[in-house]
Amino acid sequence: MSDRVRTSVQGHVLVVTLNRPEVRNALDSETARQLVAALRELDSSPELFAGILTGAGGTFCSGMDLKAFAQSDPADLAEHSLGNLTRDPAVKPLIAAVEGWALAGGFELMLACDLAIASVTAQFGLPEVKRGLVAAGGGALRLPRRVPAAVAMEFLLTGEPMSASRAAQLGLVNQLVPAGHALKAAMQMAERIAQNSPLAVRATKAIALRAWDGPQSEAWAMQKQIAGPVLVSEDAREGAAAFAAKRTPVWRGRLSAAISIIV
């Protein structure tokens, strides 16, 4: 993989770094391809339990590379669009470590992550309307689910930026840290997640994401379908045995065929 997207493994955590600091990590088709490949690596490797998405050079991501957009083949853009990245996010837990700007598609990438750690100097925004565009990479869909409707409309329709402190007040950010410390804090959180059963974590994430859809009766049925195989898994037995023996569990994380399809 070329250096538009860099990956490194620390323990059971994959760190994915957008590496186009000269354009504030803006996304073009090739960067999108490489980012998709990195997230597939996260989900396919049995040794990886969680991931972190961050950006090089003090910026998370400034969104779509508008110069590349103006010169791109529409078919190529459709095949490798931001929507493909954010519509089907990683199956395993993914944490955004945000320094500097997370604008447009960059903010949408953050919203597609499960957790977010941000520097106190971070700035967020969906300025698409200022460029005659629409936040169709998940921003217009996810933001109203994450903050009060009127607040979501404010930022979607004005295109104005949001400070890190406001994002934290609204619950969009899990933790604010000093400038330059977002990746370190995200790694600490990822390591805490990686201590848990990877099977149970994946199933729990799948249930939480699907809880948004449909009536409660269907949600309970969905939960039973996903959680049932976990309760009779090797990890469930190992967790109980480790607790009784007062030792650290050794997770197998093996999925049955039924739950593999779901999560």
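The values are calculated or read from the model by the stated rules, or taken from the named source; none is laboratory data. Computed from a prediction, not measured in an experiment: that's the story for all the values here. Cβ placement follows ideal geometry from the backbone for every residue including glycine, while neighbour counts extend to all protein chains displayed. Areas reflect the complete protein model, heavy atoms only, side chains present, ligands, DNA and RNA absent. Shrake-Rupley method; radii C 1.70, N 1.55, O 1.52, S 1.80 Å.
Looking at the chain, send over the antiparallel percent of its DSSP beta bridges, to the nearest 5. Percentage antiparallel, nearest 5: 30. Remark: region 158-236 projects, on average over all directions, an area of 7.9 nm² (convex hull of Cα atoms). Shown for the chain are the DSSP H helices of 20 Å or more along their axis, judged by Cα atoms, with a mean Kyte-Doolittle hydropathy of at least -1.0: 29-44, 216-231.
Taking 4 °C and 1.567 mPa s as the conditions, I'd like the Stokes-Einstein D for region 1-68 in µm²/s, using the Kirkwood hydrodynamic radius from alpha carbon pairs. It diffuses with D of about 107 µm²/s by this estimate. In the elastic network of the chain, a GNM with C-alpha springs shorter than 10 Å, the most mobile of LEU111, LEU18, LEU209 is LEU209. If you model region 118-194 as an ellipsoid using its alpha carbon gyration tensor, with each semi-axis the square root of five times an eigenvalue, the axes come out at 26, 13, 12 Å, biggest first. Over the chain, with every protein chain in place, what whole percent of the accessible area is carbon and sulfur at 1.4 Å, could you tell me? Carbon and sulfur atoms account for 57 percent of the accessible area of the chain. Here GLU160 and LEU209 are evaluated by their C-beta separation; at R0 = 30 Å the FRET efficiency comes out at 0.55.
Taking each residue as 0.36 nm, the span from ALA236 to LYS184 lengthens on full extension beyond its C-alpha to C-alpha distance by 15.7 nm.
Calculation over all alpha carbon pairs of the chain in 10 angstrom steps from 0 returns a P(r) of 7, 29, 34, 22, 7, 1, 0 percent.
Multiplying the residue separation of GLU30 and SER44 by 0.36 nm and subtracting their alpha-carbon distance yields 2.9 nm. Once you reduce region 160-187 and region 189-209 to the center of their Cα atoms, the two points are 22 Å from each other. Approximating the spin labels as points 7 Å out from Cα along Cα→Cβ, the ALA219-to-GLN175 distance works out to 2.8 nm. Heavy atoms of the protein chains alone define the surface here; on that basis the chain has 50 Å² accessible area per residue at 1.4 Å probe size. Only Cα pairs under 8 Å and 6+ residues apart enter the sum, and on that basis the relative contact order of the chain stands at 15 percent.
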